[in-house]
Amino acid sequence: MSQSTPVTVDASKTKNARISMGVMGTIGVGLLAAGVALDWGFLGMFWSGVLAVGALGGLGMTFKNGGFATAACPSCGVSMQLGEFGKTFLRRCEKCRTYSHGKGRMAVVADDHVADTAAFLSPMHTVSLRWPLNQGGHLACPMCDADAELEEIELADVSAGAAIGVGGKITTYKYKVPRCPEHDDGIALDKEWEEEGQPVVLGFRSRAYQLRYDELNA
């Protein structure tokens with residue numbers, strides 16, 4: 001494959017999304033009208049409004065931004081769904097697991113790339129875990145390689161019911177990761193993972209640090 005591939009609009013996905021959001025928005029507006037006529041009260045009007053505003057707002061964004069973006073993986077050529085057209089993306093190919101990034105074109109991420117967020121994902125190792133060390137033999141900060149200490153981070157997994165206040169549960173995951181006094185965002189917990197048996201995984205901002213972590217825990 002070429003070293004970079006163009007980002008284009010996924011016409012089919014954009015069309016289907018617009019139809020779906022248009023229908024949902026129309027239903028929401030209809031429910032609002034019915035709520036006024038039948039005096040449904042605050043909750044009925046609130047959720048009808050959420051449906052109408054959310055769907056119609058999403059529909060408007062697809063026209064403003066041009067729709068949903070797609071690009072071929074610059075490593076293996078498999079089509080990748082990227083999100084809203086016009087944004088800067090960082091994605092991992094589902095087939096070859098190569099990371100690529102870009103806006104108008106997608107290129108393979110360099111081994112020394114540092115992302116704005118903890119986007120490089122790796123499994124959590126709870127048995128014989130090894131963290132990268134710096135030249136002084138201390139735990140290395142995942143951002144600057146300075147001496148680091150293990151500090152606890154956490155992720156709250158909020159169920160849909162809990163999010164809207166109608167039941168459900170909140171599961172909190174905790175894990176100790178290296179941090180230095182200057183950097184507290186080099187590693188985060190994440191749920192975006194396609195493999196079973198890993199409810200949460202580690203996300204790294206530094207690709208170089210992630211590669212060292214993966215090599216040590218292979």
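No value in this document is a laboratory result; all are computed from the given coordinates. Keep in mind it's a predicted model, so treat the numbers as computed, not measured. Here the Cβ is made from the backbone with ideal geometry for all residues, glycine too, and neighbour counts use every protein chain on show.
How far is helix 42-65 tilted off the main Cα axis of the chain, in degrees rounded to 10, range 0 to 90?
Around 70 degrees separate the two axes.
What is the set of long-range amide H partners of MET80 at a cut-off below 5 Å, with H atoms built 1.01 Å from backbone N?
Here ALA71, ALA72, CYS73 satisfy the definition.
Relative to the longest principal Cα axis of the chain, at what angle does helix 207-216 sit, 0 to 90 degrees, rounded to 10?
Tilt relative to the chain: about 60 degrees.
Mind pulling the angle between the C-alpha long axis of helix 11-38 and the longest principal axis of the chain? Nearest 10 degrees, somewhere in 0 to 90.
50 degrees
Mind putting a number on the dipole of the chain about its Cα centre? Charges go on the C-beta only, +1 for Lys and Arg and -1 for Asp and Glu, and I need it in Debye to the nearest 20.
940 debye
Given H placed 1.01 Å from N in the peptide plane, which residues other than close sequence neighbours of PHE68 have an amide H under 5 Å from its amide H?
Those qualifying (amide H under 5 Å, at least 5 residues apart or on another chain) are ASP10, THR14, PHE85.
From the residues GLY49, ALA11, CYS96, which one has its Cα farthest along the dipole of the range 1-109 in the positive direction, the dipole being from +1 and -1 charges on Cβ of Lys/Arg and Asp/Glu about the Cα centre?
The residue sitting most towards the positive pole is CYS96.
Take the eigenvalues of the Cα gyration tensor for the chain, scale each by 5, and report the square roots as semi-axes in whole Å, largest first.
39, 26, 14
Taking Cα atoms of the range 1-109, Rg/Rh with Kirkwood Rh, to two decimals?
1.20
With 10 angstrom as the radius, rank ILE170, ILE153 by how many other C-beta atoms surround their C-beta, starting from the fewest.
ILE170, ILE153
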